Amino acid sequence: MQEIELDQIICPDLGDLPDDLSEYMNEDYLLKTVDTEVLFGDPWWNCEEELNNCSDVSIPTELPRPDTHQQRQQNKLPAKTNDKRKRPRVPRSQRCTDENTPRPKRQRAAGRPKTTEAQAEAQAEPTVTQCSGTGSDSSPAATAGLSTTPPRIVHLHPSIQFITIPDTPQYQVVQTLRLSPPVIRFPLSNTATTPTYILVPAASPPCKRQVPPLSPVDGAVAPIQMSSSPPGSLSDTASKAMSPPCASPLSPSHESTCKESPLPPSPTVLDIPQVVKEYIQEAKAHMSQTCQEMETGLSLNSHYVDVQVSQREILRSGKSTNKLLDKELVIMGHTDRQKSLLGQSQIFEGSNGDKPKRYILLLGNAGMGKTTLIKKLCLDWSRDCIPQFDFIFLLDGKALTLTDPAFSLQTLLLNLSSFAPSCMDPEAVYTQIFAAPKRVLIIFDGFAELRDYETLLQTQEKDLVTSLQKDSKAQIYTVRQLYSAILQRVLLPGCTLLLSTRPRGTASQLLRRTDSLLEVCGFTSTNVETYLSQYFTDPAVRASALDCLKNCSYPHLLCWNPGLCRLVCLVLEQSNGLEVLPKTLTGLCHQVLRLIIEKDSKSIHSHAEPQTQISVQSVEETQTQISSSSQMKKYPKNTRTKSSAEVRTRSRTQRARGAKIQEEEEVDGEDIKSVGGEVDRTEERELLSQLSALAWEGVKTNSSILPTGRTISTKLKAFGHRTGLFLSYQLRTRQVVSSGEKEGGGREDREETGGGEKAQKMGKRGRTDNANTETGDKHILLWANPFIQSYLAGVHLSLSRNASDRTFLQTLPFQLVPKGRRRIQREELELTQQFVVGLLFHNRTELQRLHSCTETVFRDVVVGKQALVTKHIEGLSLGDLSPAQVLEACHYVYEASFTHGDGSRDSGNTQLVAHLAANLPEVLTFHGVPLNPADVFAVQNVLERGGAEGRSFCLDLEDSGIHISGLRALVGLSNINTYRACIADAITLWEQLEQSGEESLLQGAVSKFKIHPLKATQVCHIEHLAKMVNIHMHKRLSDSFSQSHSILAEGVPAVNELHKLEFELGPENGPLALPKLWELLPGLHNLQHLDLENSKIGDKGAEKLADALVSLCFLEILNLSQNCIGDEGVKKLSTTLRDLPKLHCLSLYSNVISDEGAESLAAVLPHMASLTDLDVKYNKLTDVGAHSLGVSLRNCKRMKTLRMWNQCIPYGVFERLQLQDSRILWH
């Protein structure tokens, strides 16, 4: 057996172990070397009762805290000066007597500490490793958090026995309790050799354990004390040599036997140095403070509403690599979406025990709360609610504006990332990040488009990749290169990535890497009430706001978007009990902007009034002093002898004169105030005009960042900050502190500053900002709210004289593009177009503050652009519009019709909605277009107007994700003849109507519902159909009702009218849904067309299908192509197919049918009187099978075509068969 030298913390140097240990076990020796208080106070010596009560469960090693006997350890335990050299032996007498002599402490070994978690794993799952002659590199000071704590004595339970082997110096220790470490060097004095011992954990006995006696057993004497490591300081050698539990003691020769069947090794978790632990705790404390603020006056602790996240899937088709992501996403129904909701703790977990998700894409439109959710995740991590990560770094897309090649991965993570505190030892932190990348979470936020990620995922040059992999600490890279390397897994390949973006644009590169697609769901009605209850703390105000919101349908539905809900609350808060909220999105944003400007004006005047009063007071005091001095000069001292009457007369005269002067001053003040008001209003209009132009530039480039190349006046910046329209985002570009003093700025320089309270805080941080400017930090101005930015852009297009008619026409919706080019409609542009239409038909009086031109010019501009919009929309061919464009048109005419009009009926606002309702197609489809509550309201408005005009519609709402409440609103319209929707949502609606007792609405909802033709592309489609067929068969909605419902006396009309079913799940998902399909098919009595192509049903599935086909008496077309059906399957099918009286088309194309199967088909063909077309191409027929079918064809007078070519049939044979019967075709 090889000798292993261990850490002194584990192995105190007590000399070499002699053959006979009895002389060391007497009372005198023990009293000299053992502290009885420590010995008998240790839990290991007082665990007899616990041992007697335990069974198979291993007893954990509970070691006392390191600080309880710190002074005693310093006096009693020696220190080791060198890891890899043996200590010189010291006479026992000297070691025993010189107990109080302090020993020199061993210096700390960098990078070698072990965490308590690693020790616990090592204790729980010990393994056996081959012993080597190298010593341990561990030291007592190398433990995390115990850098200066001296070693201490840890006692072992007496159940650990020492066995003496007299012929060799190799000894073996049998451990009856599972204790770590398993390799211990225990030398004693006066011995010739230095043996090494292996502690072998004994297997847990089925009965209660017995504490071994303390007296020697069979001549072997066990020392009472051995040295071990304190909690969290397990030595490397010991952790590598942990042995599995064995039933009997093993000698060194049996080591290989143990290694053949070890326990599964625990995952290696690197120790975290104390300085890194301190940085993590500082980062958590810093993040806990900086992530609290949602917006001005709102914090996560008091105002956050737990927004739900749903798991999304995509249609992975090999040919559609460049399709838009929003087109590739599978749109689930409302019922299925509720089942796919995830809690925030499940975002990083794998489903059904799968591996954790490492590449997560978080989707959500503007205002849905992606950034707020990310802040909440960071806050949860700071509170130790996400323990799987040691580090979280938030990388913002705005940092891409830094183009200088002056960054490294270290500076990117520790300096440039959001919420990062100052780091005192970046080298140690960076080393730990690279050592354990799986415990690192990197979040990318602030990317408005998928295109930004797609650009970063383009392949980099090989030299750059090699340089990054070789030296990522070199500060020679741009932020874009580092972002790209992280996203492409060149750097930190094992870390977890969370990417937030909007679901617009192509995502071919991103989808190849993503293993989890998540979408932020909007507010439910309950969430809206919760948000309002947290926003309004006064109960009376809260109740009034809730009542006002519930009475206004459209604003209430807009609150589905958390960002718009915030704007609605702002209007409710500052509108002083406004009874009616704005009815449109344009009116809402206009009201918000008006309130913001009024609040800013009041704050400016409130600051100006005290200064005016002070100046007036100072003027009056000066005048009083002047008059007093003049009186003193005019009247000498003897004037005091004048009568009191004269004094009173003069006082009255002075008062009258003062009153007259005061009146004159008030008049002058009013004149000055009116002139100042006009100046302020003119300046305000000019600032709004400049803001509108900036907003339009951002919308054109699809960016919320204000253009850096354009000079923005200081006055405009100040106005934007005061009103909260701008945010200032600071990019800290200076270097990280490597050592010494903490860096200036610290936490405060990472905060965003905006309007309101944030702008006031900027003054308090003046010194920090000045210091940051000196160190080269970069500030970026950006729009605080995407809706206000789009609204101001609409103001520029609709009201500004600088926007020409040509530019205006090019920005209108539904523009024709050259053939072959795809025009991607961005969210900001669509909002801007919506605001343009709403503003042009808005009350002109309310728009006075938004323009700087004269009344006549303003009227001419608005009237001219109104005419352009009306002509453009009326000239559209609505039948040629896509479903998404029809939805946009509904929004445009709603904004024009219900934005506060000017009272004139000839303005065109009602003309647009009438035109749209009159020209919509009768079959109105929104298939594949997500419909949120506000979308449903806009569509409902147009449909109601069409009903007033005598029009009726058939709605297709499949794959729209419409909420149940929206489905109910549309289905309840009297001019809706039929509707299609998700089957599960329709059933949910029926159940709700049945529970509420609305029989008439239930009757209409059931009778109007249609599912023909049905194309099943997801497994859930078949599951939903099976549920509806079950309702159809049992004639009741739920199993809780024993009697059938009167409305369902004849079953579900949609099931009776289902004539075509296409099973298009493919070979991967098809087999998952086939069992449900076999169950529901007998209930589809009127089915005429069944398409099961490429579903991999095989012979077993063909047998199941044959049993189900017995009930399908009206089946006319059966497609079983590409299903791996062989001869056995054809035999089962043949007996059923002959009994289908109306089957006229049968396809068995591209299966595995051979001559035997062809014989079965040939036998039944003459009995299939209605069959006209048979396709058996590309099977395994030879000339024998082809000849059999050809002979049988002669007896089938109604057969029109027989296709049976394949490569196994000789060309000459097939040609001869064709000459005999022209109905045999090649293709």
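Per residue, how much accessible area does the stretch 1123-1178 show when a 1.4 Å probe rolls over the protein heavy atoms, in square angstrom?
Details: 2050 Å² over 56 residues.
With all protein chains present, the stretch 1123-1178 gives 37 Å² per residue.
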**Bins of 5 Å, starting at 0 and running to the largest distance - Cα pair percent for the stretch 1089-1227** = 2, 11, 22, 26, 21, 12, 4, 1, 0
**Fill in**
With x for Gly and Pro, the residue-by-residue ³J(HN,Hα) of the stretch 466-483, computed from phi through the Karplus equation 6.51 cos²θ - 1.76 cosθ + 1.60 at θ = phi - 60° and given in whole Hz, is 4, 5, 5, 6, 7, 8, 7, 8, 6, 8, 10, 10, 8, 5, 4, 5, 6, 4
**Message:** Quick one: the Cα spread of the stretch 945-1063 along its three principal axes, in angstroms, biggest first?
**Reply:** 42, 34, 24
**Complete:** In the stretch 997-1088, the chymotrypsin sites (Phe, Trp or Tyr not before Pro) that sit in a DSSP loop and have at most 14 other Cβ atoms within 10 Å of their own Cβ are F1041
**Prompt:** Which value results when the Cα radius of gyration for the stretch 345-410 is divided by 2.2 N^0.38 Å?
**Reply:** 1.38
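If DNA, RNA and ligands are ignored and the probe is 1.4 Å, what is the ranking of V1110, V971 by accessible area, most exposed first?
Working: V1110 100, V971 5 Å².
Sorted by accessible area, descending: V1110, V971.
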**Message:** Heavy atoms of the protein only, probe of 1.4 Å, neighbouring chains included. What is the accessible area of M1199 in Å², nearest 10?
**Reply:** 10
**Message:** Using a 7 Å offset from the Cα along the Cα-to-Cβ direction at both F1114 and E874, what is the distance between the two label points in nm, to one decimal?
**Reply:** 4.7
**Prompt:** Taking a probe of 1.4 Å, how large is the accessible area per residue of the stretch 299-455, in Å²?
**Reply:** 39
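Residues with beta-carbon under 12 Å from that of L920, excluding L920: net charge, scoring Lys, Arg +1 and Asp, Glu -1?
Numbers: positive: R945, R951; negative: E922, E949.
After counting each charged neighbour, the total is 0.
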**Request:** From the C-alpha gyration tensor of the stretch 321-461, pull out the three semi-axes of the equivalent ellipsoid (sqrt of 5λ each), sorted largest to smallest, in whole Å.
**Result:** 28, 21, 15
**Asked** Rounded to the nearest 0.05, what FRET efficiency is calculated for R801 and M1033 with R0 set to 56 Å and r the Cβ-Cβ distance?
**Response** 0.20
**Accessible surface of the stretch 441-535, 1.4 Å probe, proportion on carbon and sulfur as whole %** = 44
**Complete:** In the stretch 1076-1227 the accessible area split gives carbon plus sulfur, as whole percent at 1.4 Å, a share of 51
**Request:** Give me the percent of the accessible area of the stretch 825-957 that comes from carbon and sulfur atoms, probe 1.4 Å, all protein chains in place.
**Result:** 51
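Name the trypsin sites (Lys or Arg not before Pro) in the stretch 1107-1154 that are in a loop by DSSP and that have at most 15 other C-beta atoms within 10 Å, would you?
Numbers: sites: K1131, K1132, R1138, K1142; in loops: R1138, K1142.
Here the sparse-neighbourhood loop sites are K1142.
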**Asked** For D1107, what accessible area in Å² do you get when you roll a 1.4 Å probe over the heavy atoms of the protein chains, rounding to the nearest 10?
**Response** 110
**Item:** S575 accessible area, 1.4 Å probe, all protein chains in place, Å² to nearest 10
**Value:** 20
**Spherically averaged projected area of the stretch 1022-1086 from its Cα convex hull (nm²)** = 4.7
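The values are calculated or read from the model by the stated rules, or taken from the named source; none is laboratory data. Computed from a predicted model, the values in this text were never measured in an experiment. Here the Cβ is made from the backbone with ideal geometry for all residues, glycine too, and neighbour counts use every protein chain on show. Quick note on the areas: whole protein, heavy atoms, side chains included, nothing else; ligands and nucleic acids left out. Shrake-Rupley method; radii C 1.70, N 1.55, O 1.52, S 1.80 Å.
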